[in-house]
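Worksheet: the structure to be examined is printed underneath.
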Amino acid sequence: MNDRTPFDNIEGSHEYVAMLAEALGEARREIEQEVALAEKEGADRRKQALLLVSYSLAKLNLHITSSRRILNDLRSLRRLLLAERQSKVVRTED
């Protein structure tokens, strides 16, 4: 039985967050089109609701961007720590 998730390792998590960012970008573009359409139709209430959605998506985008940076930092730190550990093992074998 394979119970693997995208969060089993940092690379999987980074890939998942990248896919979320891509989907978020698509959603933001769609909402921008909907806002323009609502404005053209004079649907002020719908436009205001869509602008609130746009604002929330923008905030989410900031969080996703921050998460990607943190995951990048974690990957770099893990590589650094693994390289140090491997160099210590090589030294003790000498």
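Laboratory data are not the source of any read-out in this text; all were calculated from the coordinates shown. In this text the structure is predicted, and so the values were computed from the model without any measurement. Here the Cβ is made from the backbone with ideal geometry for all residues, glycine too, and neighbour counts use every protein chain on show.
List of remarks:
- Angle in degrees between helix 10-41 and the longest Cα principal axis of the chain, rounded to the nearest 10: 10 degrees
- Options (1) 14.6, 50; (2) 12.7, 45; (3) 21.5, 78 - which one matches Rg and Dmax of the Cα atoms in Å as calculated here: (3)
- Were the residues from Ala49 through Leu81 laid out at 0.36 nm apart, the gain over their Cα-Cα distance would be 6.7 nm.
- Folded to 0 to 90 degrees: helix 44-93 orientation relative to the chain principal axis, Cα: 10 degrees
- The residue list Leu71, Ala18, Leu52 was ranked by how far each Cα lies along the charge dipole of region 3-94 toward its positive end, using unit charges on Cβ atoms, and Leu71 comes out on top.
- Here Leu60, Leu80 are placed in order of increasing Cβ neighbour count within 10 Å, fewest first, which gives Leu80, Leu60.
- Student exercise, the chain dipole from Lys, Arg, Asp, Glu Cβ charges, in Debye to nearest 20: 300 debye
- Note: relative contact order over the chain, using C-alpha pairs below 8 Å and six or more positions apart, is 34 percent.
- Computed E for Arg69/Thr5 - FRET, C-beta separation, R0 30 angstrom, nearest 0.05: 0.85
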